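Step one of this worksheet: look at the structure below.
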Amino acid sequence: MLHPSLSTFFSTRLLRRAGIMAGVSFGLALALVGYLFGFADEDFFSRLFNAFFVFFWLLSVTFLAVVPFVSWAAAKWLVSPEVAPAAGASRKPRSAPASATVRKPTRTVTRSEKTL
């Protein structure tokens with residue numbers, strides 16, 4: 001069994017994704033902590049770090065593990081190997097639209113005065 005080296009594991013694509021998620025996590029954490037507790041709070045940086053860590057963990061698990069696994073599982077388990085997609089589209093050709101429907105104009109009804 002081949003063991004991938006660390007250079008292939010930490011590819012530029014993975015690092016770019018992690019960097020984007022870190023930036024989004026930092027922005028969300030900064031907005032959340034700033035809105036809820038204010039920027040002059042004495043525990044600002046500890047709360048910022050905790051919120052950043054939670055957001056980064058949730059985003060990274062979602063986009064680096066769950067989404068690729070669901071895509072792989074759907075492609076692997078839900079598509080039967082015997083059924084291959086046809087070369088041509090299986091859509092029926094669209095027929096010419098029917099003649100435009102002519103609508104009757106609405107009737108204008110005047111209101112009659114109420115009688116007591």
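Quick note: the coordinates plus some simple rules give every number you see, no bench work behind them. The model shown is predicted, which means the values in this text are computed figures rather than measured ones. FYI the Cβ positions are ideal-geometry reconstructions off the backbone, even for glycines, and counts take in every protein chain you see.
Odds and ends about this structure:
- Exposure proxy order (Cβ contacts within 10 Å, fewest to most) of 67, 33: 67, 33
- Computed over segment 11-77, the percent of Cα pairs more than 17 Å apart is 51.
- Per-pair calculated FRET efficiency, R0 = 25 Å: residue 26 and residue 65 via Cβ, rounded to 0.05: 0.75
- Footprinting exposure proxy for 28, 78, 15 (fewest neighbouring C-beta atoms within 10 Å first): 78, 15, 28
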